[in-house]
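Below is one structure, written out as structure tokens, with a few remarks after it.
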Amino acid sequence: MTMTLDHIPAPAAARPPGLRERLRAAVRHHGPVLAFYGALKLAGFCSFMYLLDSAGDFRTKHPRFGGGAHTWDVLATWDGWWYQQIALHGYDPKLVHIPGATGLITLEGNSAAFFPLYPALMRLTSTVTGLGPFGSGLLVSVLASFVAALGIYAVADWFGGRRAGLAAAGLWAVWPGSGVEWAVYSDSLYVALAAWACYAVMTRRWLTAGVLTFAAGLNRPTAAALIAALAVAALCAVRDRRDGVLRPLLAMAVAPLGLLGYLGWVGHRMGDYGGYFKLQSGAWAHSFDYGKQTFDVLTSVPVGHFTYLSAWPFADVIGVGVVLLAFALLPLLLRLRPPAVLVVHTVLTLALVLGSQQIFANVSRYLLPCFPLFVPLAVAMRRLGVRTQCTLFGIAALASGSYAGYALFELGVP
């Protein structure tokens, strides 16, 4: 019996992988990252819940301001209360003056200060799953935190390989401020979008980067740093003629539409196109002061003075440590000669956060988007053995229940 070449079956290696094979490959590649991040985060979360229950202070606090009937209720207080109101009732942007008010706070708080993507996802999740606003918000945050871990892994892996990526995902789990990653807060969602947007630029997927940055602009105002970073990277690509002209410029055009669209809509509804910034300043005393308050805190805390605006001593000590650590890590990041998108995003995020008058106790979570600062540490940690890394991360995870969770929600204002 003879067989022509036309009848010889193609070798298995030449066949495109099926869905099952692709899923198995994805699990092998991403499973350890997700498991490592999840184990560390769960350890820190349980430590946080234990500390809350042991102290019991949350039982005497107002349900909006760090209190509740159960330990987990704390996760939906402060900003979490506002996000739940938006998910339930939507927006009604207004500038309402407090009669007779003088000083920093002259306006009533309004939900328009909180960007719409996260509460929109809360509402969608609630519709699909039947969960209430608390459960849906927590689910969105937890899932987004894992997506962020994968994005941070991808960025660090680009620099130092798989072990550096795993270390960076671990640092995301235990970093100061990480207590809000599993809470009804928008931080995990923003970092997920920012990390993958930066990685898309690094891998020259311009349209993906533009869409992700557009979405980030609907989630947090600090997306201005990400928009600028993408613009710089796009202009560099056009200058160097690496990816043509159309795709980088189209990404640059799409990127700011989310942020500008929301600010414009709020201003239109308020009858004042500067209304968002007036609301932030008049209702929350948040404004850009070119670093005056940050300098005040950095020169007061080391000598034990807590007379500055919105002082929360324990949380502020942690915040000062985070700022100093960021200043130390930035030159180490620059030594690695990272892509322009990472440099611009990190530097401008630092400038926006530290250049603003705000509750300084929040600085540890406001700097979570500076995830490129994880990279130098992650690359250096490749030299450590697996047992040593696991021991260090395990200790940090348990301790994070205090410095990244309890300090924020109970000893400060997240």
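The values are calculated or read from the model by the stated rules, or taken from the named source; none is laboratory data. In this text, all values refer to a predicted model and were calculated from it rather than measured experimentally. Because the Cβ atoms are built from the backbone with ideal geometry, glycine has one as well, and the counts that use them run over all protein chains shown. Just so you know, the surface numbers come from the protein's heavy atoms only, side chains and all, with ligands and any DNA or RNA stripped out. Shrake-Rupley method; radii C 1.70, N 1.55, O 1.52, S 1.80 Å.
Give me the compactness ratio for region 316-365, meaning the Cα radius of gyration over 2.2 N^0.38 Å.
1.21
Which FRET efficiency, nearest 0.05, do Leu88 and Leu143 yield, Cβ-Cβ r, R0 22 Å? Each step should come with its number before you reach the end.
Numbers: r = 21 Å, r/R0 = 0.94.
For R0 = 22 Å, the calculated efficiency reads 0.60.
Can you give me the relative contact order of the chain as a percent, contacts being Cα pairs under 8 Å and 6 or more apart?
Dividing the mean separation by the residue count of the chain yields 22 percent.
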Quiz item: Given H placed 1.01 Å from N in the peptide plane, which residues other than close sequence neighbours of Phe288 have an amide H under 5 Å from its amide H?
Solution: Gln357
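Let a ≥ b ≥ c be the square roots of the eigenvalues of the Cα gyration tensor of region 82-180; is it rounded (a/c under 1.5), or, if not, prolate (a/b larger than b/c) or oblate?
Values: a/c = 3.50, a/b = 1.77, b/c = 1.98.
Note, shape of region 82-180 comes out oblate.
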Exercise. Could you state, as a whole-number percent, how many of the C-alpha pairs of region 194-270 are farther apart than 20 Å?
Key: 27 percent
Quiz prompt | Structure-derived volume of the Cα convex hull per residue in Å³ - corresponding label in [x] 134; [y] 199; [z] 154 | solution = [y]
Quiz item: Summing Lys, Arg as +1 and Asp, Glu as -1, what charge do residues with Cβ under 13 Å from the Cβ of Val74 carry, Val74 excluded?
Solution: -2
Quiz item: To the nearest 500 deg cm²/dmol, what mean residue ellipticity at 222 nm is calculated for the chain from DSSP H runs of n ≥ 4 alone, each contributing -39,500 (n - 2.57), summed and divided by the residues?
Solution: -20500 deg cm²/dmol
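Probe of 1.4 angstrom, ligands and nucleic acids ignored: what's the accessible area per residue over the chain, in square angstrom? Walk me through the numbers before you get to the answer.
Working: 19020 Å² over 414 residues.
That works out to 46 Å² for each residue.
Would you list the membrane-span-like helices of the chain, meaning whole DSSP H runs whose alpha-carbon atoms span at least 30 Å along their axis and whose mean Kyte-Doolittle value is at least 1.0? Intermediate values should be presented prior to the final figure.
Values: long enough: 19-55 (50 Å, 0.44); 133-174 (40 Å, 1.25); 313-335 (34 Å, 2.04).
Those that pass (Cα extent of 30 Å or more, hydropathy at least 1.0) are 133-174, 313-335.
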Quiz item: If you average 1/r over all unlike Cα pairs in region 140-277 and invert the result, what Kirkwood radius do you get in angstrom?
Solution: 15.8 Å
